[in-house]
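Working notes, structure below.
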Amino acid sequence: MVINKDWTFIKTSIGPDKWKDKYETCNTSFQSPVNIITNSAVRCEMECKIDFQYFPGKCNVKAIVNQYKDDANTKSTIFLLDYQNGSYVTFNDVTYVLKTIHFYPGGLHTVDNGKYDMEAVLSHTDQSGNILNISVLVFKSTDFGDSQNFFSQWAY
């Protein structure tokens, strides 16, 4: 399954650095992906309340290919879990139900210009259709446990 032939997540002529040239809404300092500079980061003073209620359950795994035309250099693969088991997050008194988990090998966001091995984006929606995404940055490790065995299958 190919999701888009006009952009990709890897550094090419249609990669993240060029999105702003074609998509006006990507030309802001708040648009993902972002590079978090730790020595410039400031503590958020907003009073945000978040409560995670995640439960184990079955899911369907899909691999989605993102590629510009037939150029193999622009090909990236996104892994997606359809996760429909009742897990949710309550953020500032609004409940967002977990719908999907996307795994981006190579990651999206950077910290101090450094990439992670993978990024997991947990995508939630509320009753009005508003979206709440939570990103988890993942490094590979040689310290294996159940979660590491799972994530090692996706990171490269």
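Counting Lys +1, Arg +1, Asp -1, Glu -1, what net charge surrounds GLN53 among other residues with beta carbon under 15 Å of its beta carbon? Surrounding charge for GLN53 is -1.
Karplus-based coupling profile of the range 77-87, in residue order and whole Hz: 10, 10, 9, 10, 10, 6, 10, 10, 10, x, 5, with θ = phi - 60° in 6.51 cos²θ - 1.76 cosθ + 1.60 and x standing for Gly or Pro.
The numbers here are math on the coordinates, done by the rules we state, and not lab data. Since this is a predicted model, take the numbers as computed values, not measurements. Every residue, glycine among them, receives a Cβ derived from its backbone with ideal geometry; neighbour counts consider all protein chains shown.
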